[in-house]
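K.L.:
Sharing a structure with you now.
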Amino acid sequence: MRKLLPTAGVLCALWAGTARADIIFSDVVIHGDMGTPSVFTMQSYPYVDSISFKFSDSLVGDDYAPRREAHATISFTAIADTNMLLSGRTLRVGSELLGSGVLSISDQVEDVFTPGEIGSYSVDLDATATMPHIGDTPFSRPTVEIRLTETITIRAPDEAGLDLAALGVITHRFQQIPVPEPTSLALFAATVAAFARRR
C-alpha cells in the first residue's frame with residue numbers, strides 16, 4: 001500500500017521557495033497482517049511535524065486464538081521545511097498488553113540527502129510497561145530528507161491467565177533546526193531537484 005500525503009498546495013509552496021515550517025510526508029508503504037491502518041499527519045501548532053498510524057485489526061491472544069502473533073512493516077519519507085533540517089524523532093506508542101503480551105519495535109532512519117544510517121531505535125514492551133511509551137531518536141547528523149523503516153511485532157503466547165496484545169496508535173514526531181548559512185540555498189536547490197527527479 002502506497003500513499004502520497006502532501007497536498008498540491010504544499011508542493012507548490014515548496015517549488016516556489018515559500019518559507020514554511022511544515023514537514024512533508026510521502027511514499028508511505030505498509031505491509032503485514034495487522035490490517036490497513038489509518039494514516040494521518042498532525043501538527044504542533046501551527047506546523048505539521050508528525051505522522052501517525054492507527055491500527056484497528058491488531059489483536060492477538062486468548063480471545064483471538066489461534067492468532068497469537070502479528071507483524072507490520074512501515075516505511076515513509078520525511079522532508080524538512082525550506083531552510084530547515086531534520087534533527088531527530090520522538091516515537092509515541094499506544095498499546096494494550098495483558099499477561100504474556102509483548103510489543104517489539106525496531107526503527108532505522110536513513111539519510112536520503114547524504115546516504116547512510118543516522119539513527120536507530122528498538123524497544124520490547126510487556127504488560128508492566130507504562131503506556132504510552134515515548135522514546136527519542138536524535139540523528140547523528142541533521143539532514144534535509146530521511147527514510148524511516150519500522151518493524152513491529154506483537155505476540156501473546158498462551159500462558160496462565162488472560163494473554164492479549166494489541167497495537168493502537170504509533171506517532172512519529174520530528175524535530176527541525178535552522179540550516180546554517182550559507183548552505184541553505186544549496187540544500188533547498190537539492191531538495192527541489194529531488195522532487196523533480198520523482199515527477
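K.L.:
Starting from the Cα of Glu69, step 7 Å along the direction of its Cβ; do the same at Asp57; then give the gap between the two resulting points in nm.
P.N.:
A separation of 2.1 nm, rounded to one decimal place.
K.L.:
Under a Cβ-Cβ cut-off of 10 Å, what is the net charge of the residues other than Ser100 that fall near it, where Lys and Arg count +1 and Asp and Glu count -1? Before the final figure, lay out each step's value.
P.N.:
Values: positive: Arg68, Arg155; negative: Asp62, Asp126, Asp158, Glu159, Asp163.
Summing Lys/Arg as +1 and Asp/Glu as -1 gives -3.
K.L.:
Please order Met131, Met42 by the number of other Cβ within 10 Å, starting at the fewest.
P.N.:
With the sparsest Cβ surroundings first, the list reads Met42, Met131.
K.L.:
Now, a different point. Arrange the following residues from fewest to most other Cβ atoms within 10 Å of their Cβ: Thr130, Thr143.
P.N.:
Thr130, Thr143
K.L.:
May I ask you to derive the FRET efficiency for Thr114 and Asp136 from their Cβ-Cβ distance with R0 = 30 Å, giving the value to the nearest 0.05?
P.N.:
Working: r = 22 Å, r/R0 = 0.73.
Efficiency for this residue pair is about 0.85.
K.L.:
Taking Cα atoms of region 32-186, Rg/Rh with Kirkwood Rh, to two decimals? Show your work: numbers first, answer last.
P.N.:
Details: Rg = 17.5 Å, Rh = 16.6 Å.
Rg/Rh: 1.05.
K.L.:
Would you mind calculating the gained length between Val169 and Ser38 on full extension (0.36 nm times residue separation, minus the Cα-Cα distance), in nm to one decimal?
P.N.:
Result: 46.2 nm gained on full extension.
Computed from the coordinates by the stated procedures, all read-outs in this text should not be read as laboratory data. All values reported here derive from a predicted model rather than from experimental measurement. Using ideal geometry, Cβ is built from the backbone for each residue, glycine included, and neighbour counts are taken over all protein chains shown.
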